[in-house]
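Peer 1: Supplied in structure tokens, the structure appears directly below.
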Amino acid sequence: MPKGGAHFTSQELALVLSHYDIGIIQQIKPLIAGSKKSPKQVIFSDKGRYLIKRRTRGKDGLARIELAHSVQNILKEKHFPVSKLIATRDSKSTYLEIENHIYELFEFVTGARFDGRNESVENAGLILAKFHNYLKDYASKPISCRGSFHDSRSVRAHLKKISSDNHGGTHKIASSLMTMYNISSTNVNQFGFDEWPCRIVHGDWHPGNMLFANGKISAVLDFDSLNFAQVITDIANGALQFSIVAGRPDPAEWPDYLDQVRFNSFIYGCSYNNKLEELQLKALPDLMIETLIAEAVLPIAATGSFSNFSGSDFLKMIQRKCQWIDKNRNSLTILP
């Protein structure tokens, strides 16, 4: 068995692929990408290339899958850069359930990982704006927002747990982050958050969920975090993810600052057909502080660490970046 993650058995793979009409299989190769709990294989056949994926436990609820597939099909019809779902031969379903596992088959899309170019960042903002525009009428009846990283009880509960566990001296850092989170939540609410448009959002718009070609997105890969929330939450999270600066093995060596050129490029792309209102723009720094804290605390509360990083070291880095955003909020809300 391969180290570090789930895998397909040969019998499992043969059974799953027997439900699809994809021609004569010529070669199968594992794809090491995304969650290690969700095994993936690239299938080469005389009809083309495909990607088979087994859904991660906890992300295999049928309602969530049906929502994701419905959205992907709508986007594909509008020529949005998303991989085509392949239906099964008999039931014509875009997912397959066998022995309590869910499988999905996609046309394989080629592309490269994010290259850091401002052209790519601006296109990521543009494609997110198109995502929101194409799905603005998705709900056939009024919907209620289901929550997000903003003003979240869950985030506060995780911070309290980290504070009480106090692994590696996290109590003081968690308390400081709680204060910052509460201040930012209050600021955003005062800007009018509850009155802003609530639609279906991607929920995880970051470079790792995309493939690029010639400065443009060739495929958006992950729709597992779709939700109904204020559109501004997607924009804030994307702006953070495309402007954050990391790269070194030790979080203590990561710089405090965000790349403001990339930040501006992303927001410019997002505004291609609908500029942000003044108060929404003013809310972006606080929303970025909230999402930065929210993303870090769940795994640290559960395991005491973030990926391979010490929870304490990672939270100190988060604290520094939040402080930088707070101190530089004026420059982040004055776009060229």
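Peer 1: Would you list which aspartates and glutamates come within 17 Å of Lys36, measuring only between C-alpha atoms, while excluding same-chain residues fewer than 8 positions from it?
Peer 2: Asp60, Glu104, Asp222, Asp224
Peer 1: Only bridges with both residues in segment 118-332 count here: give the DSSP antiparallel percent, nearest 5.
Peer 2: Values: 11 of 11 bridges.
Within segment 118-332, antiparallel bridges account for around 100 percent of the total.
Peer 1: Relative contact order (percent) for the chain, with alpha-carbon contacts under 8 angstrom and 6 or more residues of separation?
Peer 2: Working: 543 pairs, mean separation 58.9, N = 336.
Contact order relative to length: 18 percent.
Peer 1: Over all distinct Cα pairs, what is the inverse of the mean 1/r for segment 10-107, reported as the Kirkwood hydrodynamic radius in Å?
Peer 2: Working: mean 1/r = 0.0714 Å⁻¹.
One decimal place: 14.0 Å for the Kirkwood radius.
Peer 1: Amide H of Val201: which non-local residues (sequence gap of 5 or more, or other chain) have their own amide H closer than 5 Å, using H built in the peptide plane?
Peer 2: Asn227, Phe228, Ala229
Peer 1: Another question, if that's okay. Quote the Stokes-Einstein diffusion coefficient, in whole µm² s⁻¹, for segment 144-194, based on the Kirkwood radius over alpha carbon pairs, a temperature of 20 °C and a viscosity of 1.002 mPa s.
Peer 2: 182 µm²/s
Peer 1: Follow-up question, since we're still on this one. Within the chain, what's the longest stretch lacking GluC sites (Glu not before Pro) that sit in DSSP loops with no more than 15 other Cβ atoms inside 10 Å? Walk me through the intermediate numbers first.
Peer 2: Details: sites that count: Glu99, Glu277.
Result, exposed sites excluded: 100-276.
Peer 1: Also: If you plug each phi of segment 242-247 into the Karplus form 6.51 cos²θ - 1.76 cosθ + 1.60 with θ = phi - 60°, what whole-Hz ³J(HN,Hα) values come out, in order, with x for Gly and Pro?
Peer 2: So the Karplus estimates, Gly and Pro as x, are 8, 10, 5, 10, 9, x Hz.
Peer 1: Tell me whether segment 22-79 comes out rounded, prolate or oblate; compute the Cα gyration tensor, take square roots of the eigenvalues as a ≥ b ≥ c, and use a/c under 1.5 as the rounded threshold. Provide the component values of the computation, followed by the final result.
Peer 2: On the way: a/c = 2.47, a/b = 1.27, b/c = 1.95.
Since a/c reaches 1.5 but b/c is at least a/b, the shape of segment 22-79 is classed as oblate.
Peer 1: Right, another one. Pairs Lys160/Lys316; Lys37/Lys160; Lys40/Lys76; Lys59/Lys84: which exceed 24 Å Cα-Cα?
Peer 2: Working: Lys160/Lys316 16 Å; Lys37/Lys160 28 Å; Lys40/Lys76 22 Å; Lys59/Lys84 20 Å.
Checking Cα-Cα distances, Lys37/Lys160 exceed 24 Å.
Peer 1: For the chain, what does -39500 (n - 2.57) per DSSP helix run (n ≥ 4), summed and divided by total residues, give at 222 nm, in deg cm²/dmol to the nearest 500? Show your work: numbers first, answer last.
Peer 2: On the way: 10 runs with 147 residues, N = 336.
That calculation yields -14500 deg cm²/dmol at 222 nm.
Peer 1: Using the count of nearby Cβ atoms within 10 Å as a rough guide to exposure, how do Met210, Met178, Met288 rank from fewest to most?
Peer 2: Numbers: Met210 21, Met178 18, Met288 27.
With the sparsest Cβ surroundings first, the list reads Met178, Met210, Met288.
Peer 1: Based on the alpha-carbon gyration tensor of the chain, what equivalent-ellipsoid semi-axes (square roots of 5 times the eigenvalues) come out, in whole Å, largest first?
Peer 2: Values: eigenvalues 244, 115, 74 Å².
Taking √(5λ) for each eigenvalue gives 35, 24, 19 Å, largest first.
Peer 1: Considering amide H positions built from the backbone, and no H for Pro or chain starts, which residues 5 or more places from Met210, or on another chain, come under 5 Å of its amide H?
Peer 2: Leu221
Peer 1: Follow-up. Please determine, in degrees from 0 to 90 and to the nearest 10, the orientation of helix 278-303 with respect to the longest principal axis defined by the Cα atoms of the chain, where the helix direction is its Cα long axis.
Peer 2: 70 degrees
Peer 1: Within the chain, which cysteines find no other Cys whose Cβ is under 4.7 angstrom from their own?
Peer 2: Cysteines of the chain left without a disulfide-compatible partner: Cys270, Cys322.
Peer 1: Please list the non-local residues whose amide H lies under 5 Å from the amide H of Lys37, H modeled 1.01 Å from N, same-chain partners needing a gap of 5 or more.
Peer 2: Result for Lys37 returns Ala6.
Peer 1: Related question: List, in order, the whole-Hz ³J(HN,Hα) value for each residue of segment 152-157 obtained from phi through the Karplus relation with A = 6.51, B = -1.76, C = 1.60 and θ = phi - 60°; use x for Gly and Pro.
Peer 2: Result, rounded to whole Hz: 9, 4, 4, 4, 5, 5.
Peer 1: I'd like the Karplus ³J(HN,Hα) series for segment 8-14: coefficients 6.51, -1.76, 1.60, θ = phi - 60°, whole numbers in Hz, and an x wherever there's a Gly or Pro.
Peer 2: Working through the residues one at a time gives 8, 7, 5, 5, 4, 5, 4 Hz.
Values in this text are rule-based calculations from the coordinates and carry no lab data. Keep in mind that what you see is a predicted model, and the values were worked out from it rather than measured. Please note: Cβ atoms are built from the backbone with ideal geometry, for glycine as well, and neighbour counts cover all protein chains shown.
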